[in-house]
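A quick write-up on the structure given underneath.
The values are calculated or read from the model by the stated rules, or taken from the named source; none is laboratory data. Every value quoted in this text rests on a predicted model; they were computed, and no experiment measured them. Using ideal geometry, Cβ is built from the backbone for each residue, glycine included, and neighbour counts are taken over all protein chains shown. What goes into the accessible areas is simple: the full protein's heavy atoms, side chains included, and nothing from ligands, DNA or RNA. Shrake-Rupley method; radii C 1.70, N 1.55, O 1.52, S 1.80 Å.
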Amino acid sequence: MVSRTTADAKGEVVVLLIGMRINRFWAVHLWLPVMVAMIRMLRELERAPERGLRSRVLLTASPRTYYVVQYWESKEKLYAYATAPDALHHKAWALLNRKERTGKLRGQVGIWHESYVVPEGSYEAIYGDMPAFGLAAAHGQVPLEKRGRYAKDRFAYRSQKAPAAEKAG
């Protein structure tokens, strides 16, 4: 029997895509520390769930490009972690900036991130015979019928009823 589920996300969803691109394979001494720092930050976040990382997926786009899809509790918690002086991110970012200013990294390794705050009604998900993955791993998983069989129904789902004033307008 086919098991179809959807993510049990409610309200807005915060997604961070963050990664690196190896521009020069032979510059292992420059790109490997960037990769190791990301792994160490993920471990730090796993040990401190109060910082707000709900789930993450490690991916590769090519033999040169590696990235992480991260799901956060809120944009405030994401920003708080990124700027926290006691967090590994702060130290790693400072070191990376120092190396960049001296020109040591230029052209050797690329780094990037994209952040998204997605309001309710602007996301939907479906999983067929899958364990909790992606958005469902971050927010839980429910039978598809709870949110609607079709994508349009899942997009229309609202976790709370609209206030009476909004309905009247």
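Using unit Cβ charges (K, R positive; D, E negative) and no other charged atoms, how large, in debye to the nearest 20, is the dipole of segment 1-154 about its Cα centre? Don't skip to the answer; put the middle values down first.
Values: 24 positive and 15 negative charges, 143 e Å.
Once rounded to the nearest 20, the dipole reads 680 debye.
Considering only DSSP states other than H, G, I, E and B, which GluC sites (Glu not before Pro) in segment 74-169 qualify as loop sites with at most 15 other Cβ atoms within 10 Å?
Values: sites: E76, E100, E114, E120, E124, E145, E166; in loops: E120, E124.
Here the GluC sites (Glu not before Pro) that fit, given the DSSP loop and packing criteria, are E120.
If the viscosity is 1.306 mPa s and the temperature 10 °C, what translational diffusion coefficient in µm²/s does Stokes-Einstein give for the chain when Rh comes from Kirkwood over Cα pairs? All intermediate terms of the calculation are to be shown ahead of the outcome.
On the way: Rh = 18.1 Å.
My calculation gives 88 µm²/s for D.
Using Cα springs under 10 Å in a Gaussian network model of the chain, which residue among T60, T83, T102 shows the largest mean-square fluctuation?
T102
What angle do you read, to the nearest 10 degrees and between 0 and 90, between the alpha-carbon axis of helix 28-47 and the longest principal axis of the chain?
Helix 28-47 and the main axis of the chain meet at about 40 degrees.
If you fit an axis through the alpha-carbon atoms of helix 88-101 and take the longest principal axis of the Cα set of the chain, what angle between them do you get, 0 to 90°, nearest 10?
Here the helix axis deviates by roughly 50 degrees.
Considering only protein heavy atoms and a probe of 1.4 Å, how much of the accessible area of segment 1-154 is carbon and sulfur, as a whole percent?
Numbers: 5350 of 9170 Å².
Of the solvent-accessible surface of segment 1-154, carbon and sulfur hold 58 percent.
Based on the Cβ-Cβ distance from E73 to R106, what FRET efficiency comes out when R0 is 35 Å, to the nearest 0.05? Could the numbers behind the result be given before it?
Numbers: r = 35 Å, r/R0 = 1.01.
Once the sixth-power term is evaluated, E becomes 0.50.
Apply the Debye scattering formula to segment 61-119, with a single equal point scatterer on each alpha-carbon and no solvent, then give log10 I(q)/I(0) at q = 0.12, 0.30 Å⁻¹.
Values returned for q = 0.12, 0.30 Å⁻¹ are -0.40, -1.21.
In Å², what does the accessible area per residue of the chain work out to with a 1.4 Å probe?
On the way: 10600 Å² over 169 residues.
Roughly 63 Å² per residue, with all protein chains present.
So if I take the centroid of the Cα atoms in segment 108-145 and the same for segment 21-66, what is the distance between those two points in Å?
19 Å
Name the trypsin sites (Lys or Arg not before Pro) in segment 1-87 that are in a loop by DSSP and that have at most 16 other C-beta atoms within 10 Å, would you?
Details: sites: R4, K10, R21, R24, R40, R43, R47, R51, R54, R56, R64, K75, K77; in loops: K10, R24, R64.
Taking segment 1-87 and a limit of 16 other Cβ atoms within 10 Å, the loop trypsin sites (Lys or Arg not before Pro) found are K10, R24, R64.
Longest segment of the chain with no chymotrypsin sites (Phe, Trp or Tyr not before Pro) in a DSSP loop having at most 10 other Cβ atoms within 10 Å?
On the way: sites that count: F25, W26.
Counting at most 10 other Cβ atoms within 10 Å as exposed, the longest clean stretch of the chain is 27-169.
Given R₀ = 35 Å, FRET efficiency for A132-H90 by Cβ-Cβ distance, to 0.05? Don't jump to the answer; show the numbers that get you there.
Values: r = 31 Å, r/R0 = 0.88.
Efficiency computed from Cβ-Cβ geometry: 0.70.
Run the reach check for K152 against aspartates and glutamates, Cα to Cα strictly under 20 Å, same-chain hits fewer than 8 apart removed. What comes back?
Qualifying aspartates and glutamates at Cα under 20 Å: D8, E12, E120, E124.
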